[in-house]
Amino acid sequence: MFDAALLPLQRRILTPPGRYLAARGVRADQITLAGCAIGLAAAAAAALGLYWLALLGLALNRLADGLDGAVARETGPSDRGAFLDIALDFVFYAAFPLGFVLADPGANAVAGAVLLASFILSGTSFLAFAVIAAKRGLNAADYPTKGIFYLGGLTEGAETIAVFALFCLFPGAFSVLALVFAAACAVTGASRLITGWQAFGPR
(Lines give C-alpha, C1' and ligand atoms only; values in the text may rest on other atoms or scores of the structure.)
Protein backbone atom coordinates (compact mmCIF):
# COMPACT_ATOMS: atom_id res chain seq x y z
CA MET A 1 0.00 0.00 0.00
CA PHE A 2 2.89 2.37 0.79
CA ASP A 3 5.61 1.02 -1.51
CA ALA A 4 4.97 3.43 -4.39
CA ALA A 5 5.14 6.42 -2.04
CA LEU A 6 8.31 5.18 -0.33
CA LEU A 7 10.16 4.25 -3.53
CA PRO A 8 11.43 7.77 -4.41
CA LEU A 9 12.79 8.25 -0.87
CA GLN A 10 14.46 4.85 -0.97
CA ARG A 11 16.12 5.69 -4.27
CA ARG A 12 17.44 9.02 -2.99
CA ILE A 13 18.95 7.38 0.08
CA LEU A 14 20.45 4.32 -1.61
CA THR A 15 21.69 5.77 -4.91
CA PRO A 16 24.97 7.16 -3.43
CA PRO A 17 26.03 3.92 -1.71
CA GLY A 18 24.86 1.96 -4.74
CA ARG A 19 27.07 4.11 -6.98
CA TYR A 20 29.98 3.64 -4.56
CA LEU A 21 29.64 -0.14 -4.56
CA ALA A 22 29.20 -0.36 -8.33
CA ALA A 23 32.36 1.70 -8.87
CA ARG A 24 34.28 -0.86 -6.82
CA GLY A 25 33.10 -3.83 -8.81
CA VAL A 26 30.37 -5.10 -6.52
CA ARG A 27 27.62 -6.74 -8.56
CA ALA A 28 23.92 -6.54 -7.81
CA ASP A 29 23.53 -10.33 -7.85
CA GLN A 30 26.19 -10.65 -5.15
CA ILE A 31 24.24 -8.31 -2.90
CA THR A 32 20.98 -10.18 -3.60
CA LEU A 33 22.53 -13.51 -2.65
CA ALA A 34 24.20 -12.08 0.45
CA GLY A 35 20.93 -10.48 1.50
CA CYS A 36 19.12 -13.80 1.19
CA ALA A 37 21.77 -15.52 3.30
CA ILE A 38 21.40 -12.84 5.96
CA GLY A 39 17.62 -13.21 5.85
CA LEU A 40 17.83 -16.97 6.34
CA ALA A 41 20.21 -16.40 9.25
CA ALA A 42 17.66 -14.00 10.73
CA ALA A 43 14.98 -16.70 10.44
CA ALA A 44 17.31 -19.13 12.21
CA ALA A 45 17.88 -16.56 14.95
CA ALA A 46 14.12 -16.27 15.42
CA ALA A 47 13.84 -20.06 15.65
CA LEU A 48 16.42 -19.98 18.45
CA GLY A 49 14.55 -17.23 20.28
CA LEU A 50 17.17 -14.60 19.50
CA TYR A 51 14.62 -12.02 18.47
CA TRP A 52 16.81 -8.91 18.59
CA LEU A 53 19.33 -10.67 16.37
CA ALA A 54 16.46 -11.63 14.05
CA LEU A 55 15.42 -7.97 13.93
CA LEU A 56 18.96 -6.93 13.00
CA GLY A 57 19.05 -9.55 10.27
CA LEU A 58 15.69 -8.35 8.99
CA ALA A 59 17.02 -4.80 8.71
CA LEU A 60 20.19 -5.92 6.92
CA ASN A 61 18.21 -8.13 4.55
CA ARG A 62 16.00 -5.22 3.56
CA LEU A 63 19.02 -2.94 3.17
CA ALA A 64 20.53 -5.47 0.76
CA ASP A 65 17.21 -5.69 -1.07
CA GLY A 66 17.37 -1.96 -1.74
CA LEU A 67 21.09 -1.81 -2.47
CA ASP A 68 21.00 -4.48 -5.15
CA GLY A 69 18.56 -2.36 -7.12
CA ALA A 70 20.69 0.75 -6.64
CA VAL A 71 23.76 -1.09 -7.94
CA ALA A 72 21.77 -2.54 -10.85
CA ARG A 73 20.71 0.93 -11.92
CA GLU A 74 24.37 1.94 -12.10
CA THR A 75 25.63 -1.16 -13.91
CA GLY A 76 22.56 -2.01 -15.97
CA PRO A 77 19.65 -4.20 -14.86
CA SER A 78 19.43 -7.80 -16.04
CA ASP A 79 16.68 -10.37 -16.36
CA ARG A 80 18.63 -12.71 -14.08
CA GLY A 81 18.87 -10.00 -11.46
CA ALA A 82 15.14 -9.32 -11.59
CA PHE A 83 14.45 -13.06 -11.32
CA LEU A 84 16.79 -13.52 -8.35
CA ASP A 85 15.42 -10.47 -6.58
CA ILE A 86 11.79 -11.54 -6.57
CA ALA A 87 12.45 -15.27 -6.11
CA LEU A 88 14.72 -14.79 -3.09
CA ASP A 89 12.36 -12.21 -1.61
CA PHE A 90 9.70 -14.92 -1.50
CA VAL A 91 12.18 -17.36 0.06
CA PHE A 92 12.79 -14.86 2.84
CA TYR A 93 9.11 -14.00 3.29
CA ALA A 94 8.38 -17.70 3.85
CA ALA A 95 11.40 -18.46 6.05
CA PHE A 96 11.10 -15.57 8.48
CA PRO A 97 7.68 -16.38 10.00
CA LEU A 98 8.64 -20.06 9.93
CA GLY A 99 11.39 -19.17 12.38
CA PHE A 100 8.77 -18.04 14.90
CA VAL A 101 6.78 -21.23 14.34
CA LEU A 102 9.87 -23.30 15.11
CA ALA A 103 10.60 -21.18 18.19
CA ASP A 104 7.23 -22.13 19.74
CA PRO A 105 5.29 -24.65 17.62
CA GLY A 106 2.57 -25.16 20.19
CA ALA A 107 1.60 -21.50 20.27
CA ASN A 108 2.52 -20.40 16.75
CA ALA A 109 2.08 -23.30 14.32
CA VAL A 110 -1.55 -22.72 13.34
CA ALA A 111 -1.22 -18.97 12.91
CA GLY A 112 2.04 -19.45 11.02
CA ALA A 113 0.40 -21.94 8.64
CA VAL A 114 -2.49 -19.56 7.99
CA LEU A 115 -0.05 -16.72 7.33
CA LEU A 116 2.01 -18.78 4.89
CA ALA A 117 -1.18 -19.88 3.09
CA SER A 118 -2.17 -16.22 2.71
CA PHE A 119 1.31 -15.46 1.36
CA ILE A 120 0.80 -18.16 -1.29
CA LEU A 121 -2.48 -16.58 -2.37
CA SER A 122 -1.03 -13.08 -2.45
CA GLY A 123 2.26 -14.13 -4.04
CA THR A 124 0.90 -16.41 -6.74
CA SER A 125 -1.71 -13.87 -7.82
CA PHE A 126 1.06 -11.24 -7.93
CA LEU A 127 3.37 -13.41 -10.05
CA ALA A 128 0.61 -14.72 -12.31
CA PHE A 129 -0.47 -11.15 -13.06
CA ALA A 130 3.16 -10.20 -13.81
CA VAL A 131 3.50 -13.08 -16.30
CA ILE A 132 0.40 -12.13 -18.29
CA ALA A 133 1.22 -8.41 -18.04
CA ALA A 134 4.64 -9.09 -19.58
CA LYS A 135 3.00 -11.14 -22.34
CA ARG A 136 0.77 -8.18 -23.14
CA GLY A 137 3.60 -5.62 -22.88
CA LEU A 138 2.09 -3.80 -19.91
CA ASN A 139 4.10 -1.57 -17.55
CA ALA A 140 3.35 -0.54 -13.97
CA ALA A 141 3.33 3.27 -13.93
CA ASP A 142 3.78 3.42 -10.13
CA TYR A 143 6.85 1.13 -10.23
CA PRO A 144 8.75 2.01 -13.42
CA THR A 145 12.10 0.66 -12.18
CA LYS A 146 10.89 -2.81 -11.16
CA GLY A 147 12.19 -5.75 -13.17
CA ILE A 148 8.68 -7.23 -13.48
CA PHE A 149 5.16 -5.82 -13.48
CA TYR A 150 4.53 -4.88 -9.84
CA LEU A 151 0.86 -5.06 -8.92
CA GLY A 152 0.23 -3.27 -5.64
CA GLY A 153 -2.31 -4.05 -2.97
CA LEU A 154 -3.26 -3.63 0.66
CA THR A 155 -0.18 -5.58 1.79
CA GLU A 156 3.09 -4.95 -0.02
CA GLY A 157 6.74 -4.99 1.00
CA ALA A 158 6.62 -2.14 3.51
CA GLU A 159 3.67 -3.60 5.40
CA THR A 160 5.22 -7.06 5.43
CA ILE A 161 8.50 -5.81 6.88
CA ALA A 162 6.67 -3.72 9.48
CA VAL A 163 4.78 -6.81 10.65
CA PHE A 164 7.97 -8.89 10.67
CA ALA A 165 9.56 -6.24 12.88
CA LEU A 166 6.57 -6.46 15.22
CA PHE A 167 7.08 -10.22 15.41
CA CYS A 168 10.59 -9.55 16.71
CA LEU A 169 9.56 -6.84 19.14
CA PHE A 170 6.53 -8.71 20.49
CA PRO A 171 7.17 -12.43 19.91
CA GLY A 172 4.49 -13.40 22.41
CA ALA A 173 1.91 -11.73 20.16
CA PHE A 174 3.01 -13.64 17.04
CA SER A 175 -0.23 -15.58 16.65
CA VAL A 176 -2.48 -12.53 16.84
CA LEU A 177 -0.26 -10.45 14.57
CA ALA A 178 0.08 -13.30 12.07
CA LEU A 179 -3.66 -13.93 11.85
CA VAL A 180 -4.48 -10.24 11.42
CA PHE A 181 -1.85 -9.86 8.71
CA ALA A 182 -2.98 -13.09 7.05
CA ALA A 183 -6.46 -11.61 6.72
CA ALA A 184 -5.00 -8.49 5.11
CA CYS A 185 -2.93 -10.63 2.72
CA ALA A 186 -6.04 -12.60 1.80
CA VAL A 187 -7.77 -9.34 0.90
CA THR A 188 -4.76 -8.40 -1.23
CA GLY A 189 -4.76 -11.76 -2.99
CA ALA A 190 -8.48 -11.59 -3.67
CA SER A 191 -8.20 -8.06 -5.02
CA ARG A 192 -5.39 -9.16 -7.35
CA LEU A 193 -7.49 -12.05 -8.62
CA ILE A 194 -10.34 -9.67 -9.36
CA THR A 195 -7.97 -7.20 -11.05
CA GLY A 196 -6.54 -9.96 -13.22
CA TRP A 197 -10.00 -11.24 -14.14
CA GLN A 198 -11.02 -7.77 -15.24
CA ALA A 199 -7.75 -6.75 -16.91
CA PHE A 200 -7.21 -9.92 -18.89
CA GLY A 201 -10.73 -10.43 -20.18
CA PRO A 202 -11.55 -10.63 -23.88
CA ARG A 203 -10.14 -7.74 -25.88
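The values are calculated or read from the model by the stated rules, or taken from the named source; none is laboratory data. Source: prediction; values computed, not measured. Heads up, the Cβs are rebuilt from the backbone with ideal geometry, glycines too, and the neighbour counts pull from every protein chain shown. Note: areas computed on protein heavy atoms with side chains; ligands, DNA, RNA excluded. Shrake-Rupley method; radii C 1.70, N 1.55, O 1.52, S 1.80 Å.
Highlighted here are the helices (runs of 4 or more DSSP H) found entirely within segment 12-119 that include at least 1 residues which are basic (Lys, Arg): 51-75, 79-103. Assessment of segment 85-94 against the conditions (touching a residue at least 40 places away in the same chain (Cβ under 8 Å), on the phi < 0 side of the Ramachandran plot and more than 13 Å from the chain's Cα centre (by Cα)) yields no matching residue.
In the condition set (1) open to solvent by 50 Å² or more (accessible area, probe 1.4 Å); (2) under 15 Å from the mean Cα position of the chain (by Cα); (3) modelled with pLDDT under 85; (4) of a type outside the set (Val, Ile, Thr), Glu156 is compliant with all but (1).
Matching residues to (1) more than 30 Å from Ala22 (Cβ to Cβ); (2) open to solvent by less than 60 Å² (accessible area, probe 1.4 Å); (3) of a type in the set (A, V, I, L, M, F, W, C):
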{"site": "Arg62", "(1), (2), (3)": "no, yes, no"}
{"site": "Leu67", "(1), (2), (3)": "no, yes, yes"}
{"site": "Leu88", "(1), (2), (3)": "no, yes, yes"}
{"site": "Ala111", "(1), (2), (3)": "yes, yes, yes"}
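When segment 5-25 is limited to residues that are in contact with a Gly (Cβ under 9 Å, 6 or more places away or on another chain) and open to solvent by less than 50 Å² (accessible area, probe 1.4 Å), the one that is farthest from Thr155 (Cα to Cα) turns out to be Gly18. Taking the listed residues Leu58, Leu84, the one that is open to solvent by 30 Å² or more (accessible area, probe 1.4 Å) and aliphatic (A, V, I, L, M) is Leu84, with no other qualifying. In segment 52-69, the residues that are over 11 Å from Ile31 (Cα atoms) and without any contact (Cβ under 8 Å) to a residue 40 or more places away in the chain form Cβ pairs under 7 Å with partners that are small (Gly, Ala, Ser) and assigned to a helix (DSSP H, G or I), at six or more places apart or across chains, as follows: Leu53/Ala45; Gly57/Gly39; Gly57/Ala41; Gly57/Ala42; Gly57/Ala45.
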